[in-house]
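Peer 1: This is the structure I have questions about; it appears just below.
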Amino acid sequence: MRLTINGEVHDVPDHVKTVADLLRHFGLDGKLVIVEQNRHVLDRDTYADVPVREGDVLELVHFVGGG
Amino acid sequence: MTANPTAVQDDVLKIGPYTFRSRLFLGTGKFPSLDVQKRAVAASGAEVLTFAVRRMNIYDPNQPNLLEELDLSRFKLLPNTAGARTVEEAVRIARLARASKLCDMIKVEIIGDPKTLLPDPVATLEATKILVDEGFIVLPYTNDDPILARKLQEAGAHAVMPGAAPIGTGLGILNPLNLSYIIEEATVPVIIDAGIGSPADAAKAMELGADGVLLNTAVAGAKDPVQMAEAFKLAVEAGRKAYLAGRIPKKRYASASSPMEGLMF
């Protein structure tokens, strides 16, 4: 499945079916990551329930140092 | 001891539903290392820490991240909308930050000029209105304009954060008169944000009657950030105490401290 993640096109394997799967695929499960899917901010509690689909545009963001 | 009705132990800062003992807000950018940063945060006594929202590096999931090493129950996070140039971008960043479920405060920061990094006042006011409506605790970073500060208050901002000088310049308080107008008229806390260079600047801001100071570069960029963080903690406390104690009026001519009576000659 082809997704756009943080502005780059990625091909992810078929076992990635939900946002939680996607985070696990990148080793980001357990990290403080905020997900926006097709411009819609997801509730963190729903990652395991939200499907990812071909062509989705995802932003994975987090907090970094800033003033 | 003191007849001052504002006893220091009762002197707390209230922003929206939150109460703080520390009046020093610390930014978390540009520190030389995570270890120095953690020790500086501790030395500052800050209860409010600012952060930015950025894309993750998905290729390096094990990058150190300050938030994962802090006891978040001890701090209130104040994410900023830094990087936003429009109302829409700022609102988007604010919503992303809140989706972390770690915070409901937002520092609205919409830059209007790349060279001075001065805020866009019109966009800042507009974003403040939207985010207040969405239930955020909104702290806009603003110009030192008293009329703008008033309009932000009217829009429901929970504090106003006028700059002392352009971000990261360390020039200190360039317009104490305007800041004093803002402070005098404010119905919400006034946090002096940006441009503070030294503890003297922070003390000055507090002596003017500011409710708090937000800074980052002045600590992160110091030769010894940990020692500088403590210096700022003390300066903010000193400035606050001085404000509560009430400074003497300025006079144009000398007045002796020693009595004129009982002179031997």
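The values are calculated or read from the model by the stated rules, or taken from the named source; none is laboratory data. None of these values were measured; they are calculated from a predicted model. Cβ: placed from backbone, ideal geometry, glycine included. Neighbour counts: every protein chain shown. The accessibility values were calculated without ligands, DNA or RNA, using every heavy atom of the protein model including side chains. Shrake-Rupley method; radii C 1.70, N 1.55, O 1.52, S 1.80 Å.
Peer 1: Quick check: is even one residue across the stretch B:230-250 within 14 Å of chain A (Cβ to nearest Cβ), closer than 19 Å to B:S22 by Cβ and open to solvent by less than 90 Å² (accessible area, probe 1.4 Å)?
Peer 2: yes
Peer 1: Being open to solvent by 20 Å² or more (accessible area, probe 1.4 Å), among the charged types (D, E, K, R) and facing chain A (nearest Cβ under 10 Å): is that true of B:E68 here?
Peer 2: yes
Peer 1: With the condition kept exactly as written, say whether any residue in the stretch B:115-136 is under 19 Å from A:V61 (Cα atoms), out of contact with any Asp or Glu (no Cβ under 7 Å at 6 or more places or on another chain) and surrounded by 22 or more Cβ atoms within 10 Å (Cβ to Cβ).
Peer 2: no
Peer 1: For the stretch B:137-159, name all the residues that are open to solvent by less than 10 Å² (accessible area, probe 1.4 Å) and not hydrophobic (A, V, I, L, M, F, W, C).
Peer 2: Once the filter is applied, which keeps residues that are open to solvent by less than 10 Å² (accessible area, probe 1.4 Å) and not hydrophobic (A, V, I, L, M, F, W, C), the stretch B:137-159 yields B:P140, B:Y141, B:T142.
Peer 1: Please identify the pairs in which a residue from the stretch B:243-265 that is touching a residue at least 40 places away in the same chain (Cβ under 8 Å) has its Cβ atom under 8 Å from the Cβ atom of a residue that is hydroxyl-bearing (S, T, Y), counting only partners at least 6 apart or on another chain.
Peer 2: B:L244/B:T6
Peer 1: Right, next: Select, from B:P162, B:P176, B:P199, B:P166, the only residue that is crowded, with 18+ Cβ neighbours inside 10 Å, within 22 Å of B:L117 (Cα to Cα) and free of Cβ contacts under 8 Å to residues at least 60 places away in the same chain.
Peer 2: Only one candidate passes the filter, namely B:P162.
Peer 1: Here is a check on your reading of the model: is A:V35 of a type in the set (A, V, I, L, M, F, W, C), more than 12 Å from chain B (Cβ to nearest Cβ), under 9 Å from the mean Cα position of the chain (by Cα) and crowded, with 18+ Cβ neighbours inside 10 Å?
Peer 2: Taking the combined requirement at face value, the residue does not satisfy it.
Peer 1: Would you tally the residues in the stretch A:44-67 being open to solvent by 30 Å² or more (accessible area, probe 1.4 Å) and either in contact with a strand residue (DSSP E or B) (Cβ under 6 Å, 6 or more places away or on another chain) or more than 7 Å from chain B (Cβ to nearest Cβ) (or both)?
Peer 2: Of the residues in the stretch A:44-67, 10 are open to solvent by 30 Å² or more (accessible area, probe 1.4 Å) and either in contact with a strand residue (DSSP E or B) (Cβ under 6 Å, 6 or more places away or on another chain) or more than 7 Å from chain B (Cβ to nearest Cβ) (or both).
Peer 1: Need at least 3 residues that are more than 11 Å from chain A (Cβ to nearest Cβ) per element, so show me which strands (runs of 3 or more DSSP E) inside the stretch B:10-54 make the cut, counting only ones lying wholly within it.
Peer 2: In the stretch B:10-54, B:13-15, B:18-20 are the strands (runs of 3 or more DSSP E) which contain 3 or more residues that are more than 11 Å from chain A (Cβ to nearest Cβ).
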